[in-house]
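Asker: A single structure is presented below for examination.
The values are calculated or read from the model by the stated rules, or taken from the named source; none is laboratory data. Just so it is clear, the model here is predicted, and its values are computed rather than measured. Virtual Cβ from ideal backbone geometry, glycine too; neighbours counted across all protein chains shown. Areas reflect the complete protein model, heavy atoms only, side chains present, ligands, DNA and RNA absent. Shrake-Rupley method; radii C 1.70, N 1.55, O 1.52, S 1.80 Å.
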Amino acid sequence: MKKILSITLLALGCLSSSAANRTVPVRGTVVSPSDKHIQYTGRISFANPERPAWNFPGIQIVAAFEGTSLKMLAKPQSGYFVAQIDRAEPFKVAFTGAKDSLVTLATALPDGRHQVRLMYAIEGYEMYPEFWGFVLDEGRRLVDAPALPARKLEFVGNSITCGYGNEGTDKNEHFDYATENHYWSYAAITSRALQAQHWVVARSGIGAYRNFGEAKAGSPNSCMQVQYEYTGYAPDAKLRQKGGFDSERWDFGRYQPDVVCINLGTNDLSTNNYDLKLLKQGYQKLLKMVRTHNPQAKIVFLCGSMLEGKELETAKRLLNEVADEARKAGDREVYRFDFTPQNGDLGYGNDWHPSLWQHEKMAAELTAYLRGLTGWF
C-alpha cells in the first residue's frame with residue numbers, strides 16, 4: 001500500500017495540491033456546500049449550511065462533477081485533508097496559511113464525469129475547520145454521486161484511532177499535525193477493506209474516565225462519557241458553554257452504525273495515577289450510553305496496541321469483566337477484541353505511537369475479526 005508522505009501527487013500528469021490566496025478572484029462555477037449532490041459522512045454541524053463545521057477526524061465529503069478541473073474552498077487554517085480523484089492515488093492537501101482558502105485538487109482531466117473523495121486527516125479541535133464548497137469549470141455542475149455503502153461502522157477512541165504521529169518516523173518527536181493522518185489509521189483502513197461507511201468520535205489524550213495525565217479522580221467534564229453526546233469536541237465545559245457547534249447535541253438518528261468499535265483505556269492507565277474502580281465504572285457508563293443511542297449495534301471493546309505489561313493485562317481484564325457482565329445482564333451484542341501489542345518491529349510513529357505499518361497490521365487483524373462477527377465478505 002502506498003503511503004502519503006508528501007503534499008503533492010502526480011497522477012495521469014494532472015493532479016496538484018497548490019494553495020491559492022482567497023483574495024484572488026475565483027474563476028469558474030462555485031458550488032455551494034449545501035448542494036444536494038454533495039454527500040457528507042461524519043459528525044458535521046450544518047447549523048450554517050453554507051459553512052459545514054466539525055473537529056473530529058475522518059469526516060468525508062464525496063461528490064461527482066463534470067469538466068476538466070476541480071478546486072476546493074475551506075476556511076483558512078482548516079488543516080489537512082486527503083483527496084482522491086477517480087481511482088488515482090490519494091494525496092494530502094493543506095489549508096495551513098492564514099489566507100489559504102482555495103486549493104486546486106485536479107487540472108487537465110479528460111473532459112467528462114469524475115468523482116472526488118475528501119477525508120479530514122487530522123483532529124481539528126484547535127482549528128475548527130469549515131468546508132466552503134467547490135469550484136468547477138465555467139458552466140459545469142455536480143452530478144449524482146455513487147450511493148454510500150450500506151454497511152456502517154463507528155469508531156470511538158483516542159490518539160491511536162486519530163492516527164497521531166503515524167506519518168512520523170522518530171518515536172522521540174512529539175505531536176505535529178503534519179504527521180497525523182487518519183486516512184491511514186487502522187480505523188479508516190478497516191472501513192475501506194469492509195466497504196463500510198466510517199464515522200469517528202476520537203481525540204488524542206481522551207479516556208473512558210480519565211484523560212492523559214489528569215487527576216486520579218478522573219476528567220468528568222471532558223472524558224469520552226461527555227464528548228460522545230456532542231457533534232464536536234470541546235476541551236472543557238467552559239468552552240462548550242460559549243455556544244459553538246461543539247455545544248450542539250448530536251442527533252443519533254442521523255447515523256445508526258451496525259458496529260461500534262471502542263478503543264479507550266491507554267490514557268486512563270497513563271502516568272501510574274489511576275483508579276481501577278473508576279475506570280471500570282467509566283467503561284460501564286460509556287457502554288450504557290453507546291447502547292442507549294445505538295440499540296441495534298454490535299459493540300466491540302478493543303484493546304491496544306500501545307499498552308504493555310501490567311497496564312495491558314489490567315485493561316484486558318477490566319474489559320473482559322465489563323463485556324461478560326453486560327452479556328449476563330442481557331446485552332448479547334457486546335464483544336471483545338485485542339490487537340497484537342506493538343514491539344517496535346514495525347517501527348514507531350511520533351511519541352511511540354503506532355507507525356503506518358503498525359496501523360496496517362492492526363487493520364488486518366480487526367478486518368478479519370469483524371468479517372467473522374458480521375459476515376461481511
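Asker: Determine the dipole magnitude for segment 127-249: charges of +1 sit on the beta-carbon of Lys and Arg, -1 on that of Asp and Glu, nothing else is charged, the reference point is the Cα centre, and the result goes in debye to the nearest 20.
Answerer: Working: 13 positive and 15 negative charges, 102 e Å.
Result for segment 127-249 is approximately 480 debye, rounded to the nearest 20.
Asker: Ordering TRP352, TRP132 from largest to smallest accessible area (1.4 angstrom probe), what's the sequence? Numbers along the way, then the final one.
Answerer: Details: TRP352 120, TRP132 50 Å².
Per-residue accessible area, sorted high to low, gives TRP352, TRP132.
Asker: Percent of accessible area on segment 247-294 owned by carbon and sulfur, 1.4 Å probe? Please report the intermediate quantities before stating the final value.
Answerer: Details: 980 of 2020 Å².
C and S atoms contribute 49 percent here.
Asker: Can you give me the accessible area per residue for the chain, using a 1.4 Å probe, in Å²? List each step's numbers first, then the result.
Answerer: On the way: 15420 Å² over 377 residues.
Roughly 41 Å² per residue, with all protein chains present.
Asker: Right, next: Please give the Cα centre distance for segment 57-128 versus segment 334-363, rounded to the nearest Å.
Answerer: That distance is 28 Å.
Asker: Here's another thing I want to ask about it. Rounded to whole Å, give me the distance from the Cα center of segment 130-179 to that of segment 207-240.
Answerer: Here the answer is 23 Å between Cα centres.
Asker: Among 249-260, 139-150, 47-58, 118-129, what's the highest-first ranking by average C-beta atoms within 10 angstrom per residue?
Answerer: In descending order of packing, they fall as 118-129, 47-58, 249-260, 139-150.
Asker: Continuing with this model, one more query. Which label marks the calculated value of Cα extents along the principal axes in Å, given the options (1) 69, 52, 45; (2) 61, 46, 39; (3) 62, 43, 41?
Answerer: Here Cα extents along the principal axes in Å agrees with entry (3).
Asker: Using the Cα centre of segment 113-196 as the reference point, and only Cβ charges (+1 on K/R, -1 on D/E), how large is the resulting charge dipole? Debye, rounded to the nearest 20.
Answerer: Approximately 620 debye in magnitude.
Asker: Could you tell me what percent of the accessible area of segment 166-237 is made up of carbon and sulfur, with a 1.4 Å probe and every protein chain present? All intermediate terms of the calculation are to be shown ahead of the outcome.
Answerer: Values: 1170 of 2380 Å².
So the carbon and sulfur contribution to the accessible surface is 49 percent.
Asker: Which value, in debye to the nearest 20, describes the size of the charge dipole of segment 182-244 about its Cα centre when Lys and Arg Cβ atoms bear +1, Asp and Glu Cβ atoms bear -1, and nothing else is charged? Don't skip to the end; give the middle numbers.
Answerer: Numbers: 7 positive and 3 negative charges, 18 e Å.
For this selection, approximately 80 debye.
Asker: Here is a further query. Please find, in a Gaussian network model of the chain (springs between Cα atoms separated by less than 10 Å), the residue of LYS316, LYS328, LYS152 whose mean-square fluctuation is greatest.
Answerer: Answer for the Gaussian network model of the chain: LYS328.
Asker: What do you get for the angle between helix 356-374 and the principal long axis of the chain? Use alpha-carbon atoms, 0 to 90 degrees, nearest ten.
Answerer: So the inclination is approximately 70 degrees.
Asker: A further question follows. Which of ASN158, TRP250, GLY124 sits closest to the plus end of the dipole of the chain, meaning its Cα is farthest towards the positive end, when Lys and Arg get +1 and Asp and Glu get -1 on the C-beta?
Answerer: Farthest towards the positive pole: TRP250.
Asker: Mind listing the long-range amide H neighbours of VAL31? Cut-off is under 5 Å, sequence gap 5 or more, other chains count too, H placed in the peptide plane at 1.01 Å from N.
Answerer: PHE134, VAL135, LEU136
Asker: Return the sequence-ordered ³J(HN,Hα) values of segment 283-291 in whole Hz as given by the Karplus equation 6.51 cos²θ - 1.76 cosθ + 1.60 applied to θ = phi - 60°, using x for Gly and Pro.
Answerer: Karplus values, whole Hz, x for Gly and Pro: 4, 5, 5, 5, 4, 4, 5, 4, 5.
Asker: Turning to a different aspect of this structure: Among PHE301, TRP184, GLN84, which residue has its Cα positioned farthest towards the positive end of the charge dipole of the chain, with +1 placed on the Cβ of Lys and Arg, -1 on the Cβ of Asp and Glu, and the dipole taken about the Cα centre?
Answerer: About the Cα centre, the residue reaching furthest to the positive side is PHE301.
Asker: Provide the per-residue ³J(HN,Hα) series for segment 160-166, in order, calculated from phi with Karplus coefficients 6.51, -1.76, 1.60 and θ = phi - 60°, each as a whole number of Hz, with x at glycine and proline positions.
Answerer: Along segment 160-166, the couplings run 4, 5, 5, x, 3, x, 6 Hz.
Asker: Along the positive direction of the dipole of the chain (beta-carbon charges: Lys, Arg +1; Asp, Glu -1; about the Cα centre), which of VAL26, VAL103, LEU194 reaches farthest?
Answerer: Checked the options; the winner is LEU194.
Asker: Which value in Å does the Kirkwood hydrodynamic radius of segment 153-248 take, with 1/r averaged over all unlike C-alpha pairs and then inverted?
Answerer: Details: mean 1/r = 0.0688 Å⁻¹.
About 14.5 Å for segment 153-248.
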